[in-house]
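Visitor: Sharing a structure, written as structure tokens. Questions coming.
Please treat every number below as a calculation from the coordinates, not as lab data. Here the structure is a predicted model, which means the values were calculated and not measured. With ideal geometry, Cβ positions are generated from the backbone for all residues, glycine too; neighbour counts draw on all protein chains shown.
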Amino acid sequence: MFKLIKIVCGLLVLLVLVDSVAAQNTPTTSSTTSALAQKLNKAALDRLLANVTYDPAYVSIKYPMGDVPAHMGVCSDVIIRSYRKLGLDLQELVHKDMRRAFGKYPKRWGLKRPYKNIDHRRVANLRVFLTRHGKVLKISNKAADYKTGDLVTWDLAGTKPSSLIHTKLPHIGIVTDRRSATGARPLIVHNIGRGPKLEDILFQYKITGHYRYLPQNQ
């Protein structure tokens, strides 16, 4: 009888371990996750297939639907390219909003008017646009608060202030339905210097913003 109990306990431990391994990078679905959020999630994950070198060089691009060469990009380009799969052109959207409300946007670059080549590729500008046209969500240390399709911004320098002016090294990424090895946190699609990656970085840096931009569901 004692041997039988030991065998049953061993099987239960094995099942727990299998479930834990299966949780890593396994999509999680929720009845509250909108269809548009799932499309954004897929678009972000598709960015992992692109061969992109991190390159912040200035490039003159067309307008609208302009893009830097496909082999190059920065963190914001992950966001821009993902939303274009949804039919949303952040280049045009940000430019038009800046023309309407230029005074609401940061004055960090000495520009006196909107500049459609680069404005949408700056994280600080995206934060203002998301604040004006999306949903600003709470910043917390609870992984459950970050839903599939949410956008998160960080300050990689870890400075105390979270204002647009004091963020020294801004970064942005997309929350996905994939989970960390323990299943505790959602993985993020982002480009921090090695091309688009899916990584467990949600709480590795100081979070400066948490947004949701799903226009059909506002």
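Visitor: Using a simple charge model, +1 on the beta-carbon of Lys and Arg, -1 on the beta-carbon of Asp and Glu, nothing else, what dipole does the stretch 78-218 show about its Cα centre, in debye to the nearest 20? Mind showing how you got there, number by number?
Guide: Working: 29 positive and 10 negative charges, 98 e Å.
Using only the charged Cβ atoms, the result is roughly 480 debye.
Visitor: Counting pairs of alpha carbon atoms under 8 Å apart in space and at least six apart in sequence, what relative contact order in percent does the stretch 27-217 give? Could the numbers behind the result be given before it?
Guide: Values: 343 pairs, mean separation 51.9, N = 191.
After rounding, I find 27 percent.
Visitor: Which of the residue pairs LYS96/LYS116; LYS138/LYS197; LYS85/LYS147; LYS62/LYS96; LYS42/LYS147; LYS85/LYS197 have a Cα-Cα distance greater than 21 Å in the structure shown? Walk me through the intermediate numbers first.
Guide: Working: LYS96/LYS116 9 Å; LYS138/LYS197 25 Å; LYS85/LYS147 19 Å; LYS62/LYS96 15 Å; LYS42/LYS147 14 Å; LYS85/LYS197 18 Å.
Result: LYS138/LYS197 exceed 21 Å.
Visitor: As I understand it, the dipole of the stretch 27-217 uses +1 on the Cβ of Lys and Arg and -1 on the Cβ of Asp and Glu, about the Cα centre. Which of HIS95, TYR83, ASN141 lies farthest toward its positive end?
Guide: Result: HIS95.
Visitor: By its C-alpha gyration tensor, with a ≥ b ≥ c as the square roots of the eigenvalues, how is the stretch 27-217 shaped: rounded for a/c under 1.5, else prolate for a/b larger than b/c, else oblate? Before the final figure, lay out each step's value.
Guide: On the way: a/c = 1.45, a/b = 1.32, b/c = 1.10.
Since a/c stays below 1.5, the shape of the stretch 27-217 is classed as rounded.
Visitor: Over the stretch 45-109, calculate the relative contact order: mean separation of alpha carbon pairs under 8 Å at least 6 apart, over the residue count, as a percent. Walk me through the intermediate numbers first.
Guide: Values: 40 pairs, mean separation 18.0, N = 65.
Relative contact order, the stretch 45-109: 28 percent.
Visitor: Can I ask one more? Run the reach check for LYS135 against aspartates and glutamates, Cα to Cα strictly under 14 Å, same-chain hits fewer than 8 apart removed. What comes back?
Guide: ASP145, ASP150
Visitor: Return the distance in nm (one decimal) between the two label points of a simple spin-label model at ASP46 and ASN141, each offset 7 Å from Cα along Cα→Cβ.
Guide: 3.8 nm
Visitor: Add +1 for every Lys or Arg and -1 for every Asp or Glu among the other residues with Cβ under 11 Å from the Cβ of PRO170, and state the total. Don't jump to the answer; show the numbers that get you there.
Guide: On the way: positive: ARG108, ARG122, ARG127, LYS168, LYS206; negative: ASP155.
Charge balance in the 11 Å sphere: +4.
Visitor: Pick out, from TYR213, ALA43, PRO56, the residue whose Cα sits farthest towards the positive end of the charge dipole of the stretch 27-217, with +1 on the Cβ of Lys and Arg and -1 on the Cβ of Asp and Glu.
Guide: The listed residue farthest towards the positive side: TYR213.
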